[in-house]
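The values are calculated or read from the model by the stated rules, or taken from the named source; none is laboratory data. Bear in mind that the values here come from a model prediction, so they are computed numbers and not experimental data. Cβ atoms come from the backbone with ideal geometry, glycine included; neighbour counts cover every protein chain shown. Surface accessibility is based on the protein's heavy atoms, side chains included, excluding ligands, DNA and RNA. Shrake-Rupley method; radii C 1.70, N 1.55, O 1.52, S 1.80 Å.
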Amino acid sequence: MEVTESSILGLIPLCPLLGSLLAFVIGRSQKDLAGWIATLACVITFGLVVSTVFSLSEGEILAFNAFTWFEVGSFDVDFALRFDQLTAVMCLVITGVGSLIHLYSTAYMHDDQGRHRFFCYLNLFMFSMLLLVLGANMLVLFVGWEGVGLCSYLLIGFWYNNLAYASAGRKAFVVNRIGDAGFLFGIFLLYRQFDTVDFIELSTAIASNPELTALYTLVAFCLFIGATGKSAQIPLFVWLPDAMAGPTPVSALIHAATMVTAGVYMMARMNFLFVLAPYTQAIIAVIAVLTAFVAAATALTQNDIKKVLAYSTVSQLGFMFMAAAAGVYWVAVFHLVTHAFFKACLFLGAGSVIHGCHHEQDMRKMGGLLKYMPVTAVTYGISTLAIAGIYPLAGYFSKHAILAALGTTVNPYLELSLNVLMTFASLTAFMTAFYMTRSFAMTFLGDYRGHAHPHESPWQMTMPLVVLASLALFAGIWLVTTLPEYLAPVVGHAGSHHQESIIEGLVHSWVGILGVLVGLLLYTKLLSVPAALFKALRPLSQLSLNKFYFDEIYDFLIVRFLGRISQFLFKTVDQNMIDGAVNGTAALVEVSGEVARSTQSGQVRHYALYMFVATLAVLFFFVFGGKIGG
Amino acid sequence: MVPVSYYLTLSAIMFTVGVVGVVVRRNSIVVFMCIELMLNAVNLSFVALSHYLGNLNGQIAVFFVMVVAAAEAAVGLAIIISMFRAMKSVETSNADQLNG
């Protein structure tokens with residue numbers, strides 16, 4: 001592979017950064033311009049990415065060194081960017097879907113007082129995410145990693161006057177941070193062993209030292225902990241459902257298409273490490289399947305449309321990690337891309353519904369919106385079929401490939417449990433189809449149960465929906481043939497795709513078709529059945545509705561304990577001891593000052609006395625001084 | 001003859017009385033009297049030692065001390081008079097405006 005220097009690379013993350021600054025500075029006074037500046041910056045970046053991708057010849061990698069970051073002994077780190085095929089795919093998704101969402105937001109946020117802030121943060125997020133995928137070494141990746149976490153916090157708690165929303169933002173940041181601690185630890189271990197954090201240098205170093213399995217297992221596990229935080233896997237996924245407190249475009253961009261996929265990207269980027277740590281891969285596979293299953297089970301009973309989509313995202317991320325754990329990274333990235341398309345479309349559709357129903361999010365108060373919002377309904381329906389994995393939509397190919405990859409994995413640690421995992425994965429696929437159809441039926445079919453006057457959304461909102469739905473419709477067929485070879489230089493040749501006919505494809509999507517049919521049946525015709533089922537499966541359905549009590553368990557085991565420590569540190573250590581010491585020192589100075597002050601009485605007699613005493617002392621010193629010394 | 005130590009003791013006692021008077025008494029005129037007492041105690045000491053050592057230097061020093069005492073008395077009384085004009089009193093405890 002040849003590495004070419006290219007300074008245009010530096011422009012790619014720079015555009016959104018400038019856009020962020022301009023959107024805020026100009027947007028403060030001209031609120032409506034903020035959205036257009038930000039969208040323009042995004043579109044320009046997309047154009048740059050596209051032209052860079054096309055100028056990339058076979059096997060060429062572009063590199064750009066912004067500046068030497070630091071040099072400590074023999075360890076020097078440059079703030080360097082690198083553009084290879086994996087980065088190309090990620091950048092296209094980020095900037096493409098990002099531009100559409102920016103356009104959507106200009107309409108969605110058109111009457112919000114803080115929209116200049118919104119677009120500033122949104123562009124800042126684009127900058128951070130691009131840094132993440134363009135980073136040539138782990139530290140630049142980590143800068144982007146932290147940056148997206150920060151922007152996520154800022155955007156989730158965008159309506160900060162609402163305490164619940166602000167708390168959701170804080171929760172996201174704190175949980176993310178825990179993952180980041182693990183991630184950093186992994187970076188430290190790698191540095192300690194190889195004295196570098198550059199990806200190319202690490203891959204050659206690790207490839208020439210395949211025997212350090214214990215180290216690689218530990219490092220891979222630490223990096224995966226970071227991924228669980230960022231990509232919402234068990235145990236650190238609890239922030240994602242709460243993150244729905246943010247505006248819907250934020251949910252679409254950050255918590256569906258881009259930020260949450262950072263963990264998957266990281267694993268694909270570090271594939272040369274994970275391949276040498278089969279034990280960790282086995283753990284990842286188990287956690288991924290478990291996460292996918294639990295999240296899907298929770299989504300079955302949720303009534304808030306955004307919560308359904310949030311749990312769906314967690315579940316689909318589990319699928320991506322299943323493929324990554326099986327070592328077939330092109331499949332994970334493939335699902336990443338298709339998921340970005342249909343999940344963003346679903347979220348934007350949900351936003352359109354919320355907007356059209358005047359901020360109603362409860363699906364029980366929706367229904368029959370097909371005739372009021374046809375474009376939204378059709379695009380949402382297409383994306384539902386895609387996520388259900390029905391041939392020939394995009395979701396079918398990626399999900400099918402994931403299940404195939406998981407089923408044929410040769411990990412020695414997974415031999416015994418593989419059948420169990422596959423069963424749960426297939427069950428999850430069925431549940432996915434079911435709950436998504438449920439949300440579609442409850443929202444768009446039947447009769448309208450609410451009190452508002454629903455209407456279709458403006459073109460800035462419907463056009464992105466149409467574009468994304470078309471991608472969900474057609475991108476799958478195209479990508480499944482081109483992606484494996486395109487990504488092979490970066491992630492290897494594992495897994496392949498075999499052509500299948502339409503009949504074969506439809507047969508293979510039987511799980512999805514079954515889920516859709518059952519969903520349609522229960523939520524259009526047999527309307528009394530869902531409630532009856534809910535009551536019949538009482539303990540299980542309550543478990544699902546209360547999201548398996550994850551938050552409550554964490555609260556009991558960890559949060560309360562930490563709260564008490566914090567109270568102790570706050571009251572006893574900070575207020576009493578530290579403030580006491582500081583204030584005490586001041587008080588001491590004040591008191592000693594008062595004492596010293598009392599000698600300045602203004603009374604001449606006292607001064608005369610002091611002079612006399614001092615003279616005596618001097619006299620004594622002269623008379624007896626020699627004796628004291630000797 | 002009277003031993004020198006008697007004179008020196010008397011001088012010391014007079015000096016101490018003078019010092020105590022300066023420190024303790026509040027009336028500034030009395031303070032001045034005590035200052036004069038201190039000066040005279042020193043004079044006595046000078047003269048006694050001059051006689052004891054048979055050296056006239058001590059007695060010359062007495063002249064100096066007297067000159068200084070006279071000048072100082074003149075200036076000091078001028079200060080007391082202006083103090084009285086300002087505060088209508090010669091109590092030193094009233095002149096405490098420079099306190100901290």
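For the reader, a short list of remarks on this structure follows.
- Meets criteria (open to solvent by less than 10 Å² (accessible area, probe 1.4 Å), under 19 Å from A:Val264 (Cα atoms) and modelled with pLDDT under 90) for A:Ala220: no
- Filtered residue count, region A:63-98, keeping only those that are part of a strand (DSSP E or B) and surrounded by 24 or more Cβ atoms within 10 Å (Cβ to Cβ): 2
- Selection count, region A:361-384, where residues are among the aromatic types (Phe, Trp, Tyr) and open to solvent by less than 10 Å² (accessible area, probe 1.4 Å): 1
- Among the candidates A:Ala299, A:Ala277, the residue that is crowded, with 22+ Cβ neighbours inside 10 Å and over 30 Å from A:Asn209 (Cβ atoms) is uniquely A:Ala299.
- Only a single criterion out of (1) within 14 Å of another protein chain (Cβ to nearest Cβ); (2) open to solvent by 60 Å² or more (accessible area, probe 1.4 Å) is not satisfied by B:Phe63, namely (1).
- Note on region A:579-602: residues that are outside any helix (DSSP H, G or I) and either over 19 Å from B:Gln97 (Cβ atoms) or open to solvent by 60 Å² or more (accessible area, probe 1.4 Å) (or both) amount to 3.
- Matching residues, region A:23-44, being more than 24 Å from A:Leu81 (Cα to Cα), open to solvent by 30 Å² or more (accessible area, probe 1.4 Å) and assigned to a helix (DSSP H, G or I): A:Phe24, A:Val25, A:Ile26, A:Lys31, A:Asp32, A:Leu33, A:Trp36, A:Ile37
- Verdict on A:Leu416 being in a helix (DSSP H, G or I), hydrophobic (A, V, I, L, M, F, W, C), on the phi < 0 side of the Ramachandran plot and open to solvent by 30 Å² or more (accessible area, probe 1.4 Å): no
- For B:Gly58, the test of being over 14 Å from the mean Cα position of the chain (by Cα), exposed (fewer than 15 other Cβ atoms within 10 Å of the Cβ) and away from chain A (no Cβ under 14 Å) is failed.
- Only one of the numbered conditions (1) part of a helix (DSSP H, G or I); (2) farther than 22 Å from A:Asn65 by Cα is not met by A:Leu141, and that is (2).
- Between B:Val90, B:Val22, the distinction of being among the β-branched types (Val, Ile, Thr), closer than 16 Å to A:Gln603 by Cα and more than 11 Å from the chain's Cα centre (by Cα) belongs to B:Val90 only.
- Close pairs from region B:79-99: first at the interface with chain A (Cβ under 10 Å from one of its Cβ atoms), partner in a helix (DSSP H, G or I) and open to solvent by 60 Å² or more (accessible area, probe 1.4 Å), Cβ under 7 Å, at least 6 apart: B:Thr92/A:Val604; B:Ala95/A:Val604
- Selected residue (only one of B:Met1, B:Met14 is farther than 18 Å from B:Val62 by Cα, away from chain A (no Cβ under 14 Å), free of Cβ contacts under 8 Å to residues at least 40 places away in the same chain and among the aliphatic types (A, V, I, L, M)): B:Met1
- Pair list, Cβ < 7 Å and 6+ apart or interchain, from region B:24-49 residues that are closer than 21 Å to B:Ser93 by Cβ and of a type outside the set (Val, Ile, Thr) to residues that are outside any helix (DSSP H, G or I) and open to solvent by 50 Å² or more (accessible area, probe 1.4 Å): B:Arg26/B:Glu91; B:Asn27/B:Glu91; B:Cys34/B:Arg25
- Output for region A:603-616, where each listed residue is more than 7 Å from chain B (Cβ to nearest Cβ) and open to solvent by less than 90 Å² (accessible area, probe 1.4 Å): A:His606, A:Tyr607, A:Val613, A:Ala614, A:Thr615, A:Leu616
- Selection status of A:Leu619, part of a helix (DSSP H, G or I), within 14 Å of chain B (Cβ to nearest Cβ), open to solvent by 80 Å² or more (accessible area, probe 1.4 Å) and of a type in the set (A, V, I, L, M, F, W, C): yes
- The lone criterion from (1) over 21 Å from A:Tyr311 (Cβ atoms); (2) out of contact with any Pro (no Cβ under 9 Å at 6 or more places or on another chain); (3) surrounded by fewer than 23 Cβ atoms within 10 Å (Cβ to Cβ) left unmet by A:His400 is number (3).
- Scanning region A:436-478 for residues that are over 27 Å from the mean Cα position of the chain (by Cα), under 23 Å from A:Thr524 (Cβ atoms), among the aromatic types (Phe, Trp, Tyr) and not in a loop (DSSP other than H, G, I, E, B) turns up just one, A:Phe444.
- The criterion of being part of a loop (DSSP other than H, G, I, E, B) and open to solvent by less than 10 Å² (accessible area, probe 1.4 Å) holds for A:Gln233.
- Selection within region A:184-215 - assigned to a helix (DSSP H, G or I), over 23 Å from A:Ser74 (Cα atoms) and in contact (Cβ under 8 Å) with a residue 40 or more places away in the chain: A:Thr213
- Within region A:544-602, restricting attention to residues that are within 30 Å of A:Lys307 (Cα to Cα) and of a type in the set (A, V, I, L, M), the residue that is farthest from the other protein chains (Cβ to nearest Cβ) is A:Leu545.
- One residue stands out in region A:385-397 among those that are outside any helix (DSSP H, G or I) and not hydrophobic (A, V, I, L, M, F, W, C): the one that is surrounded by the most Cβ atoms within 10 Å (Cβ to Cβ), namely A:Gly389.
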